[in-house]
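The values are calculated or read from the model by the stated rules, or taken from the named source; none is laboratory data. All values derive from a computational prediction rather than experimental measurement. With ideal geometry, Cβ positions are generated from the backbone for all residues, glycine too; neighbour counts draw on all protein chains shown.
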């Protein structure tokens, strides 16, 4: 029993599990955005043929299938406060470069640093 729990904890703490978790979280808002886009497209296409509405729906479905895979590939890792030289335990924040290729700022500019 102990071996199974240790293995499960090791798998849950792996970078792959973290990437999968963040991918699932991002797929929620991405799916919602695609659904809103499809709803608007269907409103605009209401007087068009059923084929046009069907094509728009298929395109939305394809986007919903591709976005999680692309998100998984774009999640680069985890930014921890210790990477910036901090000593306090601060919860990890995901480094996600899904939309514009954003990268984390490893250190704060001097004007933004806290005075002691």
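Among the residues of region 35-56, is there at least one that is assigned to a helix (DSSP H, G or I), modelled with pLDDT under 95 and touching a helix residue (DSSP H, G or I) at 6+ places or on another chain (Cβ under 7 Å)?
No, every residue in region 35-56 fails to be assigned to a helix (DSSP H, G or I), modelled with pLDDT under 95 and touching a helix residue (DSSP H, G or I) at 6+ places or on another chain (Cβ under 7 Å).
Since residue 83 meets every condition but one in (1) assigned to a helix (DSSP H, G or I); (2) modelled with pLDDT under 55; (3) exposed (fewer than 11 other Cβ atoms within 10 Å of the Cβ), which condition does it not meet?
Every condition holds for residue 83 apart from (3).
Looking at region 5-19, which of its residues are out of contact with any helix residue (DSSP H, G or I) (no Cβ under 7 Å at 6 or more places or on another chain) and touching a residue at least 40 places away in the same chain (Cβ under 8 Å)?
Result: 15, 18.
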